[in-house]
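One structure below.
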Amino acid sequence: MATPTIDLIHQHGSVRNYKSDQVPEGWIEQIIAAAQHTSSSSNLQTYSVIVTTDPDKKTKVQEISGGQSHISQAPVFLLWCADFSRLKRVSEYQGYDIEAGYMENFLVGAVDAAITMQSAALAAESLGLGFCFIGALRNAPEGIRDIFQLPDLVFPICGMTLGWAMEQPMIRPRLPLEAVLHRETYQENDLDYLLEYDQAMIETGIYSGRQVDREDRDPADYGWMEHSARRSSKPSRPHLRQAINKAGFQIK
């Protein structure tokens, strides 16, 4: 059964080209206030968000994030962080020593931030705004921490560009429901569904110009499966554990 909220979610497409129009006064506060009502582990609310419209800051974030031009083009940039700094201040006020050095603590902050920023994204889209998440800022988290003067126990999880879309973004196909929805036990016999999705993604044209340079594959057979397998076969940001520890978490 469709609802306005479900319909809105189905219309999502990441926006990477923005108009110069500014987000109206008070809208950011409204979006974040709505997102605050999302779920949080034990109501600890171990996240914070920093908003900037400063061109210099956005340009620096763009440089760290692989030169994605929509970061500086978007009128607003939001930085979503796992935040145990606030909880440390609470603990000290109450006469306790915070214990933030376990993987579980960091995961709680990362999950809280992720859930909340998705709620904010949905709120923004309900107002007609477009957005794009920026995970590439984790290329250099220490640089991001310097730009936004993040204290210990605050770590950048993801960025988010926000503004008015220049044109309707592409709505990319998603995996068939049967590939992600499992009943009672996990099912691995999903190759037919993956091949179906692979073809759907090829037909969108987003992989145009790429090819497979392998003897066991047709050169034109470059789709989601080849793209994803290539990405998954390479180490990704191996510096993150060190960066997280430098931020004061000292993961055990």
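General remarks:
- Taking each residue as 0.36 nm, the span from Met103 to Gln118 lengthens on full extension beyond its C-alpha to C-alpha distance by 3.2 nm.
- For Ile157, distant residues with modelled amide H under 5 Å away: Trp80, Cys81, Ala82
- Segment 4-41 versus segment 129-146: alpha-carbon centroid distance in Å: 17 Å
- In terms of packing, defined here as the mean over residues of other Cβ atoms within 10 angstrom, the peptides 116-125, 208-217, 82-91 line up highest first as 116-125, 82-91, 208-217.
- Under the criterion of Cα pairs below 8 Å and six or more residues apart, the relative contact order for segment 107-188 equals 30 percent.
- Relative contact order (percent, whole number), segment 37-171, Cα cutoff 8 Å, 6+ residue spacing: 35 percent
- Relative contact order computed over segment 177-232 (Cα-Cα under 8 Å; 6+ residues apart), in percent: 28 percent
- Whole-angstrom gap from segment 151-219 to segment 75-109, using each part's C-alpha centre: 32 Å
- For the pair Leu194 and Gln250, label points projected 7 Å from Cα toward Cβ lie 4.2 nm apart.
- The H on the amide N of Tyr18, modeled in the peptide plane, is under 5 Å from the matching H of Met166, each at least 5 residues off or on a different chain.
- Computed from backbone phi, the HN-Hα couplings of segment 241-248 come to 4, 4, 5, 5, 5, 5, 7, x Hz, rounded to whole numbers (Karplus: 6.51 cos²θ - 1.76 cosθ + 1.60, θ = phi - 60°; Gly and Pro given as x).
- Relative packing of 93-101, 50-58, 139-147, which averages over residues the other C-beta atoms within 10 Å, highest first: 139-147, 50-58, 93-101
- Shape call, the chain: gyration tensor on alpha carbons, a/c limit 1.5: prolate
- Whole-Hz couplings from phi, Karplus 6.51/-1.76/1.60, listed for segment 129-138; x for Gly and Pro: 7, x, 8, 8, 6, 10, x, 5, 5, 6
A short reminder: the numbers here are calculations on the coordinates, not readings from a lab. What you see is a predicted model, and the numbers here were worked out from it, not measured in a lab. We place every Cβ from the backbone using ideal geometry, glycine too, and count neighbours over all the protein chains shown.
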